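The values are calculated or read from the model by the stated rules, or taken from the named source; none is laboratory data. Just so it is clear, the structure is predicted and the values come from calculations on it, not from any experiment. FYI the Cβ positions are ideal-geometry reconstructions off the backbone, even for glycines, and counts take in every protein chain you see. Note: accessible area is taken over every heavy atom of the protein model, side chains too, but ligands, DNA and RNA are not part of it. Shrake-Rupley method; radii C 1.70, N 1.55, O 1.52, S 1.80 Å.
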Amino acid sequence: MVSGSLECPVRGQMLSSVVPAKATGGNKDLELTNMDLAMKLHYIKGVYFFQPEAAQGLSIHDLKEPMFQCLELYYAASGRIRRSESGRPFIKCNDGGVRIVEAQCDNSVDEWLAMARNNDHMLGHDQVLGPDLGFSPLVFVQFTRFKCGGVSVGLSWAHVLGDAFSASNFLNLWGQIMAGKQVPLQPNSPAHNISQFPTSISRKPFSLKKVDPVGDYWLTPNNSKMGTHSFRITAKQLHYYITTYCIHDPNKISDFEIISAMIWQSLSKAREDSGPNIVTICSNNSANKMAMLPSNGMTLSTVEADFCVSRVEIAELAKLIAEKKMDESGLIGELIKGDEVRSDFIVYGANLTFVNLEGMNVYGIEMKGLKPVCANYMVNGVGEEGTVVVLPSNEKDGGNNGKMVTITLPQHLLLKLNNVLQIDWNIVI
């Protein structure tokens, strides 16, 4: 694999704005749930790579024009953060618009994909809300032209607006409009976004960590220099792992669970058995994956191991993840009520956090009838315990049922983890 240490291969960024095709009207406000507020220091970044034949003849006007109608339907994405008299944030649906970023890359798409995958974040705008919250866009879309004529579409999405499924749906809708396909004429009502998760137990959630107040600059405080790296695991590799190491229950262990177990155990080895013993699992809980209004509908659960993670059979660890998750979504909602609404928290990286995007229609987006040759998602604003994102791979990107895995950790730990994954699991890093 080619080294990924190029210095700033992305250049020439130009910014503009796109607003809804028609005024939203009605002076709409979108109340943020407690789960939304728990996610306010985190940002989702998605990158889609298209070869030259998918982008040939498409001007920046062609790429921007469908966004006007898309925002008419997904109008919350054009809003801005405001605070009520009590200080609780909400989204003012004032048609402030999203930012469009145009950029150039000196590599071809194939050259970029052949490099060690630690630069994908450059293809999406580095977004932070604040310090002027009322003027900070919730969404950036970056179109990067490669020297071969290919293009990448990079989405930067404030997590307070919605989860990765909402972000993916937003771009899929943009692609449908660009292709001239029929889309819903009216957006969903925002009423469903104020629902809360039920809870029946009373304790503080392990999946949430309180941090020092950040005020109106929504950036995760972090003392470590973080690094992000992506790699593919093919369907053939996953079949081998499950049938070899989970021989007694191969049909009860999912790809996500075996990958999570492998990385959890490998990180424990990299940390010389100093943990982690508790991890967070983030999985989809949305009844309507194609809902037009964005929401944070993912379930947050924790898994605790009362044994040495680095020495246990991988099947036992995978089974623990599959069967012993404790749902904490309701606990998070309860904690953030009242006085805690003024406090600041992180979820991703509070514990080592595994994000299950297996069910996301990441390859539902098309340009000129062609799907991306590769797609990747990651989370910004991650705490020091790190995050692992697992999403589908495509036919040309590791097999039809393969997976793309993106890990964010402190840089010194990331290097150690990559070494363990290469030695123990023969993963190409």
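For segment 65-82, enumerate the residues that are in contact with a strand residue (DSSP E or B) (Cβ under 8 Å, 6 or more places away or on another chain) and either part of a helix (DSSP H, G or I) or open to solvent by 50 Å² or more (accessible area, probe 1.4 Å) (or both).
If the condition is that a residue be in contact with a strand residue (DSSP E or B) (Cβ under 8 Å, 6 or more places away or on another chain) and either part of a helix (DSSP H, G or I) or open to solvent by 50 Å² or more (accessible area, probe 1.4 Å) (or both), then 67, 68, 71, 76, 77, 78, 82 are the ones that fit.
Being outside the structural domain of residue 55 (by the TED database) and touching a helix residue (DSSP H, G or I) at 6+ places or on another chain (Cβ under 7 Å) is the requirement here; does residue 367 meet it? When the stated conditions are applied, residue 367 passes them. Residue under question is residue 200, and the condition is that it be polar (S, T, N, Q) and at pLDDT 95 or above; does it hold? No. The set of residues in segment 22-62 being basic (Lys, Arg), open to solvent by 10 Å² or more (accessible area, probe 1.4 Å) and modelled with pLDDT of 95 or more consists of 40 alone.
Okay, residues lined up against (1) touching a residue at least 12 places away in the same chain (Cβ under 8 Å); (2) open to solvent by 40 Å² or more (accessible area, probe 1.4 Å); (3) within 30 Å of residue 75 (Cα to Cα); (4) not assigned by the TED database to the domain that holds residue 408:
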| position | (1), (2), (3), (4) |
| --- | --- |
| 263 | yes, no, no, no |
| 293 | yes, no, yes, no |
| 305 | yes, no, no, no |
| 310 | yes, no, no, no |
| 314 | yes, no, no, no |
| 321 | yes, no, no, no |
| 324 | yes, yes, no, no |
| 327 | yes, yes, no, no |
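Per the listing 87, 46, the residue uniquely assigned by the TED database to the domain that holds residue 171, more than 21 Å from residue 376 (Cα to Cα) and of a type in the set (Gly, Ala, Ser) is 87. Check whether at least one residue in segment 389-400 is open to solvent by less than 10 Å² (accessible area, probe 1.4 Å) and at pLDDT below 95, and report yes or no. Yes, segment 389-400 contains at least one residue that is open to solvent by less than 10 Å² (accessible area, probe 1.4 Å) and at pLDDT below 95.
Restricting attention to segment 346-363, the residues being open to solvent by less than 10 Å² (accessible area, probe 1.4 Å) and either part of a strand (DSSP E or B) or at pLDDT below 90 (or both) number 6.
Regarding residue 19, is this residue open to solvent by 10 Å² or more (accessible area, probe 1.4 Å) and either in contact with a Leu (Cβ under 8 Å, 6 or more places away or on another chain) or free of Cβ contacts under 8 Å to residues at least 40 places away in the same chain (or both)? So residue 19 fits the description; yes.
A Cβ distance below 6 Å, combined with a sequence gap of six or more or placement on separate chains, defines the contacts here; from segment 32-50, residues that are over 20 Å from residue 171 (Cα atoms) reach residues that are in a strand (DSSP E or B) in the pairs 32/89; 32/90; 38/345; 40/218; 41/218; 41/346. Of all residues in segment 39-93, those satisfying the criterion of being over 26 Å from residue 368 (Cα atoms) and of a type in the set (Lys, Arg) are 40, 80, 82, 83, 88, 92.
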